[in-house]
Every structure is written in structure tokens, then in C-alpha cells.
Amino acid sequence: MSDSLEKNDKKNRVPYHFGEKLRRVREQKNLTLKVVAREAGVSESLVSQIERNLVSPAIDTLLALADVLDVNLEFLFEEYRRVHPVTVHSAGERPTREEGMVIYEELCRPNALDPNSNLESYMVRIPAGANTSHGSYGHPGREFGMVIQGECTLKYENREYHLKAGDSVSFPAASPHTLENTGKEEMKAFWVVTPAQRFID
């Protein structure tokens, strides 16, 4: 790496702070700064500065603190240089899928690069008199929804639940379930499914 590239890399690198993690673990274990400092063989002032990210500890000091708090380095550095992508779906440009007269507009899909990302969400639009069929046989996971406009009936197993604008509902998705617009206008609802079913390719 050339000198100029190395300087730019150092300039753009975001300092990694793990002091908050150390403090959170210490407080969860009901340990005082004084006790941790004594067990680690360092000053109470140094531990306080490390927790507030005012100083970066030497590796031996960090190992001593990790040992006292009974945490591993993987826990402390698991977020180091991890990329946290932000995805924006502009209105009018979001992927959609039609199911009869029902339209699913994708708001969020799981990120293949993020193993912790395992949900998807939609804006569901159901014309008057129409109904969904995607969940009529059930599927693994759980669903959450909130009616934004209009009204509908959730048919879940052998029961029916009437929902109007502002109402929210959640349920295990393994049982058969459908939404039917029982009103006179288009029904719109915000819907979340987890784990993601990848309903829209």
C-alpha cells in the first residue's frame, strides 16, 4: 500500500469503541469499577476511561478485563469493521407482486449478507370484496400487521377477527389465515413476516 493510500485508509477508518460493552457487562454482573480494577491489576481511573472510550487499552489490559468480566474477545470485537448497509426503497420504485386483485408492495426484504436479517414487510392493498390466499395453508413463523386504511376480516383457523384502520394483529403463521376486505374502499395494511418467506423474488 502506498503512503498516500495508507494515510487515506487511516483517515477514513472509524475508531472502534467497545467501552460500552465492558460497562454493560460490569453493571449486569453488579461489579463496581473498584472491584474490576483491583482484579485486573489496573487503576480504577483507567477502567473508567476505557468504559467511556477515552483511552484504548493495551492488549494485556484488555485481556485482564475480559478475564475478570468473563467475556471473550469475539464478543468485544464482533462488530469491528462490520458493514451495516442501509437500503432505501423509494416510493413508486418498490417491487410488487399481484395475487389476483391483491397487491403486495415490498417495503423490506432480508439481506443475504446479514445472517441476522430474517424478516420481510409489505404494504398490502386489497380491493373491496377481494381476499388474500397466500397464507391459506399456513407457513412457518409469525406475522404482524396493522391496518392503515379501510377494514378487513382476518380468518384464522376457524375464527374471524374484524380489523379497522389503526388496529394491529399478530399470530403464529403455521395455521391457515387469510385477509378479506369487508369494507367499501380499498384496504391498506402494513405487514411483517418472520422468518422471511421471500414472497417477492
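Out of (1) modelled with pLDDT under 90; (2) part of a strand (DSSP E or B), the odd one out for K188 is which? All conditions are met except number (1).
When the residues of segment 47-79 are filtered to those that are open to solvent by 100 Å² or more (accessible area, probe 1.4 Å) and at pLDDT below 85, the one that is nearest to the chain's Cα centre (by Cα) is E74. Checked against the criteria, G166 does not count as over 14 Å from I103 (Cα atoms), touching a Pro at 6+ places or on another chain (Cβ under 9 Å) and not charged (D, E, K, R). Selection over segment 169-185 of residues that are assigned to a strand (DSSP E or B) and either β-branched (V, I, T) or open to solvent by 70 Å² or more (accessible area, probe 1.4 Å) (or both) gives a count of 2.
Within segment 54-66, residues that are on the phi < 0 side of the Ramachandran plot reach partners that are assigned to a helix (DSSP H, G or I) with beta carbons closer than 6 Å, at six or more positions or on different chains, in the pairs V55/Q49; P57/I50; A64/A40; L65/A40. Residues that are among the hydroxyl-bearing types (S, T, Y), open to solvent by less than 80 Å² (accessible area, probe 1.4 Å) and under 23 Å from L119 (Cβ atoms) within segment 132-159 comprise T132, S133, S136, Y156, listed in sequence order. The single condition from (1) open to solvent by 70 Å² or more (accessible area, probe 1.4 Å); (2) part of a loop (DSSP other than H, G, I, E, B); (3) touching a strand residue (DSSP E or B) at 6+ places or on another chain (Cβ under 7 Å); (4) not aromatic (F, W, Y) that H162 fails is (2).
The values are calculated or read from the model by the stated rules, or taken from the named source; none is laboratory data. These numbers come from a predicted model, not from an experiment. Cβ: placed from backbone, ideal geometry, glycine included. Neighbour counts: every protein chain shown. Note: accessible area is taken over every heavy atom of the protein model, side chains too, but ligands, DNA and RNA are not part of it. Shrake-Rupley method; radii C 1.70, N 1.55, O 1.52, S 1.80 Å.
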